[in-house]
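Here the structure is laid out as structure tokens; the discussion comes afterwards.
The values are calculated or read from the model by the stated rules, or taken from the named source; none is laboratory data. All figures in this text were calculated on a predicted structure; none of them were measured in a lab. So basically every Cβ, Gly included, is an ideal-geometry build from the backbone, and we count neighbours across all protein chains shown. Protein only, heavy atoms only, side chains kept; ligands, DNA and RNA dropped before computing areas. Shrake-Rupley method; radii C 1.70, N 1.55, O 1.52, S 1.80 Å.
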Amino acid sequence: MTAVQPVLCEISTEPLSADAHQAVVTGPASGAIVVFSGAVRDHDHGRPVVFLEYVGHPSAAEVLQACRAEILADPLVHAVAVSHRIGELQVGDAALIAAVSAAHRAEAFAACERLVDIVKKRLPIWKRQVFPDGTDEWVNCP
């Protein structure tokens, strides 16, 4: 009997944990585990940023699950965990965490990169940047 693997794929208002994502994809057959953490930085295009606000469409969780499933369909991928945060995030907070395991590093790196790319392209989450002077700017809006 094969053990059921836990799933971590969520849109969350709570802080994200890279360790939790890594734990979910770790297994005895996985010789490579790649974890990506996309953090809020203190600048964008030469302007200082104070904080970000992420706003998600009601379909965001379903879209994120579809992104995960697409990567997991690759027979060389063992496990996938991915989460995106919404709400107000401070500089240094993780906005996106993706973890992928495979038997070998090349497959794990490639799958994690594909995962991050498709999440960034498809996930209906919009970002508002707030600057020190109180002005703001919406970016990555379709």
Selection count where residues are free of Cβ contacts under 8 Å to residues at least 40 places away in the same chain and within 17 Å of His84 (Cα to Cα), scope segment 117-142: 5
Qualifying residue in segment 6-18 (condition: open to solvent by 70 Å² or more (accessible area, probe 1.4 Å), farther than 22 Å from Arg128 by Cα, aliphatic (A, V, I, L, M) and free of Cβ contacts under 8 Å to residues at least 24 places away in the same chain): no
Subset of segment 30-56 [assigned to a loop (DSSP other than H, G, I, E, B) and open to solvent by less than 70 Å² (accessible area, probe 1.4 Å)]: Ser30, Gly31, Val40, Val49, Val50
Selection status of Ile118, surrounded by 21 or more Cβ atoms within 10 Å (Cβ to Cβ) and either farther than 19 Å from Leu8 by Cβ or touching a helix residue (DSSP H, G or I) at 6+ places or on another chain (Cβ under 7 Å) (or both): no
Residue list for segment 99-109, restricted to those being of a type outside the set (Lys, Arg), farther than 21 Å from His84 by Cβ and assigned to a helix (DSSP H, G or I): Ala106, Glu107
